[in-house]
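*Asks:* A single structure is presented below for examination.
The values are calculated or read from the model by the stated rules, or taken from the named source; none is laboratory data. If you're wondering where the values come from, they're calculated on a predicted model, not measured in any experiment. Positions of Cβ are generated from backbone atoms using ideal geometry, with glycine treated the same way; all protein chains shown enter the neighbour counts.
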Amino acid sequence: MNRRTFLRMLVAPIVLAAGALGWGRWNASRNSYYDGPLSDHFDGVRFFNPGYDTDKSRADLLRFLAVEKRAEWPESWPSPFQDKPPAKSDALRVTLIGHASYLIQVAGLNVLTDPVYSERASPFTFAGPKRVNAPGIAFEDLPKIDIVLVTHNHYDHLDLKTLARLAARDNPRVVTPLGNDAIMKVHDPSIRTETYDWGERADLGSGIFAVPVPTAHWSARGLSDRRKALWASFVIETPAGRLYHVGDSAYAEGRNFKAHREAYGPFRLALLPIGAYEPRWFMQTNHMNPQEAVWAMKDLGVPQALGHHWGTFQLTAEPIEEPAQGLGIALAGAGIAPGAFLALRPGQVFEA
């Protein structure tokens, strides 16, 4: 075993918890996050995706860590954009902060999705995926935040230090799927959490509502809590139209996207992940690639999409610029104009 392979094995639990990998059902049987009734996606201990399995075996994990090669990312890849947003906006204004972190401004409300301002998407400060560019909005330049939407508890989406900073500064409402509140409250009891099941509707104020909806993914913060808190995408209903935000999802034959178009459409804008997808034999059950993201856009019937979850934290094997390049190829193949689905860089703004 060479040094590179040894280090990858050593940090495997960190990468697992960051959300890039899936390991099988080898964890404890008690749920310390959530104690609720059985449902069509909760068995009394773990949540699950009805009709869809994201779990991987130990053998798959070892193959991924010991055999698969990863592209070398630069230590620094600065974005050419940096936003200083207004205090409020009545019209729809969306800024990518980085990875899956967005600032959505509409109808006078300021909403953050999956805010991560830490240097690493990891439980540790010394190891784990490290950002290669600064947040596209400096924390000090954020307007007063009213709402935070957290899709699930992987470290590249649920950053407890950032939530604590926001709680101390703005005391926003943090809307998240079932079970994630327990994680937040242990870290900082002042975080103002609200939890919702799939399909429940959260009134955010100013005529805006958020609905957590099923997404083909999973959750974990460590090696013993896989699928013990719920994960979701968000339908966001606003006076400027309906938005569809995905933190992480496999394509999974498009079943969720097609169902959500039928139940919640039409959509004005979709925020879709396009990165962290290689190798496909391992990642396809967890993350979309650019081609699948274009299929998801078509399934949703949305005229405009923004691409994220690429170019900030290296979670998987593809080169840093490949997601944007692959998106361009997929759009051309589908006969869709490049401007209809933008691979955003941190600090880049979309206004409509």
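*Asks:* Checking Ser224 against (1) more than 30 Å from Arg169 (Cβ to Cβ); (2) modelled with pLDDT of 95 or more, which test does it fail?
*Replies:* Exception for Ser224: condition (2).
*Asks:* Tell me whether the range 238-253 contains one or more residues that are assigned to a loop (DSSP other than H, G, I, E, B) and without any contact (Cβ under 8 Å) to a residue 24 or more places away in the chain.
*Replies:* So far as the range 238-253 goes, no, none of its residues is assigned to a loop (DSSP other than H, G, I, E, B) and without any contact (Cβ under 8 Å) to a residue 24 or more places away in the chain.
*Asks:* Under 7 Å by Cβ, and 6 or more places apart or on different chains, what pairs join a residue from the range 300-318 that is within 8 Å of Gly275 (Cα to Cα) with one that is among the small types (Gly, Ala, Ser) and modelled with pLDDT under 95?
*Replies:* Hits for this filter: zero, empty list.
*Asks:* Given the criterion surrounded by fewer than 24 Cβ atoms within 10 Å (Cβ to Cβ) and within 19 Å of Leu160 (Cα to Cα), identify the matching residue among Gly222, Gly207. Show your work before the answer.
*Replies:* Working: Gly207 fails: within 19 Å of Leu160 (Cα to Cα).
Just a single option satisfies the conditions, and that option is Gly222.
*Asks:* Inspect all residues belonging to the range 146-154 and state whether any of them is farther than 22 Å from Gly247 by Cα and either among the aliphatic types (A, V, I, L, M) or part of a loop (DSSP other than H, G, I, E, B) (or both). If you could, list the steps in order and put the result at the bottom.
*Replies:* Here is the first cut: in the range 146-154, the residues farther than 22 Å from Gly247 by Cα are none.
Looking for residues that are farther than 22 Å from Gly247 by Cα and either among the aliphatic types (A, V, I, L, M) or part of a loop (DSSP other than H, G, I, E, B) (or both), one finds none in the range 146-154, hence no.
*Asks:* Among the numbered criteria (1) touching a Phe, Trp or Tyr at 6+ places or on another chain (Cβ under 7 Å); (2) surrounded by fewer than 22 Cβ atoms within 10 Å (Cβ to Cβ), which one does Glu253 miss?
*Replies:* Going through the list (1) touching a Phe, Trp or Tyr at 6+ places or on another chain (Cβ under 7 Å); (2) surrounded by fewer than 22 Cβ atoms within 10 Å (Cβ to Cβ), Glu253 breaks only (1).
*Asks:* Are any of the residues in the range 202-215 of a type outside the set (Phe, Trp, Tyr), in contact with a helix residue (DSSP H, G or I) (Cβ under 6 Å, 6 or more places away or on another chain), free of Cβ contacts under 8 Å to residues at least 40 places away in the same chain and not in a helix (DSSP H, G or I)?
*Replies:* For the range 202-215, residues of a type outside the set (Phe, Trp, Tyr), in contact with a helix residue (DSSP H, G or I) (Cβ under 6 Å, 6 or more places away or on another chain), free of Cβ contacts under 8 Å to residues at least 40 places away in the same chain and not in a helix (DSSP H, G or I): absent.
*Asks:* Can you tell me which residue within the range 301-326, out of those that are assigned to a helix (DSSP H, G or I) and under 18 Å from the mean Cα position of the chain (by Cα), is nearest to Ala66 (Cα to Cα)? Before the answer, list the steps.
*Replies:* Of the residues in the range 301-326, the ones assigned to a helix (DSSP H, G or I) are 322-326.
Now restrict to residues that are under 18 Å from the mean Cα position of the chain (by Cα): 323-324.
Details: Pro323: 24, Ala324: 28 Å.
If we take residues in the range 301-326 being assigned to a helix (DSSP H, G or I) and under 18 Å from the mean Cα position of the chain (by Cα), then Pro323 is nearest to Ala66 (Cα to Cα).
*Asks:* For the range 218-237, which positions are closer than 30 Å to Ser89 by Cβ and touching a residue at least 40 places away in the same chain (Cβ under 8 Å)?
*Replies:* Initially, the range 218-237 is screened for residues closer than 30 Å to Ser89 by Cβ, giving 231-237.
Hits for the range 218-237 are Trp231, Ala232, Ser233, Phe234, Ile236.
*Asks:* Listed residues Ala20, Ala12, Ala28, Ala59; which is in contact with a helix residue (DSSP H, G or I) (Cβ under 6 Å, 6 or more places away or on another chain) and at pLDDT below 95?
*Replies:* Details: Ala20 fails: in contact with a helix residue (DSSP H, G or I) (Cβ under 6 Å, 6 or more places away or on another chain); Ala28 fails: in contact with a helix residue (DSSP H, G or I) (Cβ under 6 Å, 6 or more places away or on another chain); Ala59 fails: in contact with a helix residue (DSSP H, G or I) (Cβ under 6 Å, 6 or more places away or on another chain).
Every option except Ala12 fails the conditions.
*Asks:* Now a separate question. Is at least one residue of the range 330-342 over 18 Å from the mean Cα position of the chain (by Cα), touching a residue at least 60 places away in the same chain (Cβ under 8 Å) and assigned to a loop (DSSP other than H, G, I, E, B)?
*Replies:* no
*Asks:* Could you look through the range 77-125, keep only residues that are surrounded by fewer than 20 Cβ atoms within 10 Å (Cβ to Cβ) and of a type in the set (Phe, Trp, Tyr), and pick out the one that is nearest to Gly311 (Cα to Cα)?
*Replies:* Only one residue tops the list, namely Trp77.
Conditions tested, residue by residue: (1) closer than 19 Å to Pro50 by Cα; (2) outside any loop (DSSP other than H, G, I, E, B); (3) among the acidic types (Asp, Glu).
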residue	(1), (2), (3)
Val186	no, yes, no
Thr195	no, yes, no
Ala229	yes, no, no
Phe234	yes, yes, no
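*Asks:* Another question, if that's okay. Regarding the range 169-182, can at least one residue be identified that is at pLDDT 95 or above, surrounded by 20 or more Cβ atoms within 10 Å (Cβ to Cβ) and part of a helix (DSSP H, G or I)?
*Replies:* For the range 169-182, residues at pLDDT 95 or above, surrounded by 20 or more Cβ atoms within 10 Å (Cβ to Cβ) and part of a helix (DSSP H, G or I): present.
*Asks:* Looking at the range 273-287, which of the residues that are free of Cβ contacts under 8 Å to residues at least 40 places away in the same chain and touching a helix residue (DSSP H, G or I) at 6+ places or on another chain (Cβ under 9 Å) is farthest from Ala324 (Cα to Cα)?
*Replies:* Checked the range 273-287; the qualifying residue farthest from Ala324 (Cα to Cα) is Trp281.
*Asks:* Among the residues of the range 316-341, how many are buried (at least 18 other Cβ atoms within 10 Å of the Cβ) and under 20 Å from Thr95 (Cα atoms)?
*Replies:* 4
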